[in-house]
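These notes are about the structure you will find just below.
The values are calculated or read from the model by the stated rules, or taken from the named source; none is laboratory data. Just so it is clear, the structure is predicted and the values come from calculations on it, not from any experiment. Note: ideal-geometry Cβ built from the backbone for every residue, glycine included; neighbour counts use all protein chains shown. These area figures cover heavy atoms from the full protein model, side chains too; ligands, DNA and RNA do not enter into them. Shrake-Rupley method; radii C 1.70, N 1.55, O 1.52, S 1.80 Å.
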Amino acid sequence: MFNEFGLISHAAATLAFLLLGGLIITRYLRRTSDQMLLFSALLSTLWAGSLVSQQVWGEPSFIARYLLELLRDAGWVMVLLALLRAADRQILAAGRTRRVLGLFTFAVIFVLFTLAALEALLSIPLVSGKLKIVGQIALSLLGICLVEQIWRNSLQSSRSSIRYLCIGILTLFAYDFFMYTDALLFGQISSGFWDARGMVNALIVPLLGITMMNTRKQPVEFQLSRNAMFHVSALVFAGIYLLFAAAGGYYVRVLGGDWGDALQILFITGALAFLGLLLTSRRFRARLMVFISQNFFDYKYDYREEWLKMTRELANLSDRPPLPERIIRILAGLVESTSGALWVRDEDGNFMLQNVVNLEQPRFTSIDGTCELTRFFSDREWIIDMDEYRNDPVRYNLLEIPDPILKFEHGWLLIPMYLGNELYAITLVGRPNARVELNWENFDLVRVVARQTCNLLAQADAQNRLSRAMQFEAVSKASAFMVHDLKTLIAQLSLLVRNSAHHRDNPAFIDDMISTTDHAVQKMSNLVDHIRKPAQGHGEQSPLNLHQMIRNLAAHYARNHPRPRVLGPSDPVMVQADQDQLWSVLGHLIQNAQDATPPDGEVTLTLKASADHVVLFIQDTGSGMSEEFIRMHLFKPFESTKGLTGMGIGAYQAREYIRQLGGNIDVTSEPGMGSCFSVLLPTVKPAPRAGTTGKEQKDIVEPQAQPLPGQAGRLHSS
């Protein structure tokens, strides 16, 4: 006999399954599993309605209700078999399992249904009550096994779509299993189990509805406010807490003996006091609000839009506005602010103020890298609310904030910026014009954007340092080239000074000294001009007779051993170049060939000309070079096999100048056999100008030979 709770319970189940059936008919009736679910919902509606009808009007009979229950169970089994059929397409073993379990389940249902139908027709009790209960237990166990097989044979990616359905049907069969097992043990069905059965069936309907909506990608949209959800969650938490407290108080009273009543009162009083502490705790309330916001509501920001906006801001490679100012504006814009300041760590580990936007800059701007604030940020990635800090410093453990930050009267948020795990910069955001309420989402977004912008800030700083290093390297190279060229001038002038004591009264020496000094002055002037304007370092180019220059070079370096020998034809070969620079380049190559060759070896200079080009072969029988050295080190500045005495920058400088003229330098060498430098240059054929005399034309074809450096030194031997 049902009581009022049983009536309400099964009426709720009837209404719930009826609504589920209506939802499926109107919106979700495409797949086989949807049709099976509709069929099961209608059978469950009839079953629960029959129980309500029996309570109110005394009809239908027990046999009719029992048959409807068997049909309801058969409907849910058909839903499970339809789901298992879907898994059968993915896993072959599921097909055999489905057939075996389906056969046993429908055999049990068929036997129970047939016996119950015959009993109703013949009005003869064919099956005892215990056998009916055993049959229901077996049917429940088979349903549980089917749910387990569906979950086991489904793919990981598809489990989320059937999770609620499996939980709902599992709850239905598990509840029947426990109810009928209890009835088998005690000889009768417990009224508590029976009355609550309808409500349990009603509670699984939302799970089935969520499954339908998720499979059609039509999730339920909640329109509750955060505050309303917070209060509801707090009440639910308080209710659950009080239930556990009441249960604990009951057991304390039972186990407490003579002191049971007093201990129960003491326990419940303490539990209520602890509940009051939790509900009034600001930290607990904040964490509960964060939990609700993270799990029940959409995000405040359109993160795609925020990311694209930040990318557009940072993609601007110009310095208008400067990068530090753009970073301040990006971080400030996340919290509706328009002002801020940025400190960046320098090479000494201190933090220097880089930029201020819409804030009054204080007198002192540097932050010590070892102060308490930097240690605080090194330990935890917290954003400090300066208003909160000023009102209650205890919240930040009485943290001492440097004066350069406190002097900004309108400072609001202090944001640490990390490069990896190290503090790289600090940003102070000013107060917005309107009050802005911040929550966990604001702070998470600010932290993420701060890390991204810090990476770009560090990259820009590294590029600036690299640019400065390259500038210093250029200056260093220019100085090295200057020193290299000055070595020759110093040698000339020092030789001139040494010979002056012996030949100061010799007029020829005086003339030669003036010529040599004038050449040195011109050389140094050209060198200074080249350093000041390296882009215009081609010099004054003019047609030169390369064969004549080679002969002059051979005569000049003949004082060293082995003496260079000029081979090949003596026809004039004209090239377009600056006389001084080409003399220096070729002279360097000849000098290096002599340095690498023993005195009894050979150094030969051979010219071979074609229609458009000429090749000068500078060949020696010296120590030679390996292929690896030629490929990796020969034309690399500041690398040499002779220490500080040569081949450091001369080969690099020689090749660069020859390439400027449109030619190139190639090298072939073998250790112990010698080397051959091939200098390729384009030739020119200048047309004679009209009205020139024969001598002027000769000067054009064969320009005057360059004064040989060191001529004054040779007077010592005359």
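The residues of region 188-209 that are within 45 Å of the chain's Cα centre (by Cα) and open to solvent by less than 30 Å² (accessible area, probe 1.4 Å), listed by number, are I204, V205, L208, G209.
Looking at this structure, is D34 closer than 22 Å to W151 by Cβ, charged (D, E, K, R), at pLDDT 85 or above and open to solvent by less than 50 Å² (accessible area, probe 1.4 Å)? No: the conditions fail for D34.
Against the test of being modelled with pLDDT under 85, of a type in the set (V, I, T) and either buried (at least 17 other Cβ atoms within 10 Å of the Cβ) or in contact with a Phe, Trp or Tyr (Cβ under 9 Å, 6 or more places away or on another chain) (or both), the options T453, T365 yield a single qualifying residue, T365.
Looking at T365, is it assigned to a loop (DSSP other than H, G, I, E, B), touching a helix residue (DSSP H, G or I) at 6+ places or on another chain (Cβ under 6 Å) and among the β-branched types (V, I, T)? Yes.
Scanning region 338-374 for residues being touching a Pro at 6+ places or on another chain (Cβ under 6 Å) and over 17 Å from L406 (Cβ atoms) gives a total of 2.
Yes or no, residue by residue, for (1) in contact (Cβ under 8 Å) with a residue 60 or more places away in the chain; (2) on the phi > 0 side of the Ramachandran plot; (3) open to solvent by 50 Å² or more (accessible area, probe 1.4 Å):
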position	(1), (2), (3)
N355	no, no, no
L359	yes, no, no
T374	no, no, no
W382	no, no, yes
D385	no, no, no
D403	no, no, yes
L406	no, no, yes
N421	no, no, yes
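Screening V575 against (1) touching a helix residue (DSSP H, G or I) at 6+ places or on another chain (Cβ under 7 Å); (2) of a type in the set (A, V, I, L, M, F, W, C); (3) surrounded by fewer than 17 Cβ atoms within 10 Å (Cβ to Cβ) leaves a single unmet condition, (3).
The listed residues are L680, L634, L605, and the only one of them that is modelled with pLDDT of 85 or more, open to solvent by less than 30 Å² (accessible area, probe 1.4 Å) and farther than 30 Å from P507 by Cα turns out to be L605.
Of all residues in region 169-188, which are without any contact (Cβ under 8 Å) to a residue 12 or more places away in the chain and of a type outside the set (S, T, N, Q)? Those that are without any contact (Cβ under 8 Å) to a residue 12 or more places away in the chain and of a type outside the set (S, T, N, Q): D182, L185, F186, G187. When you scan region 331-343, do you find a residue that is at negative phi and open to solvent by 90 Å² or more (accessible area, probe 1.4 Å), even just one? No, region 331-343 has no match at all.
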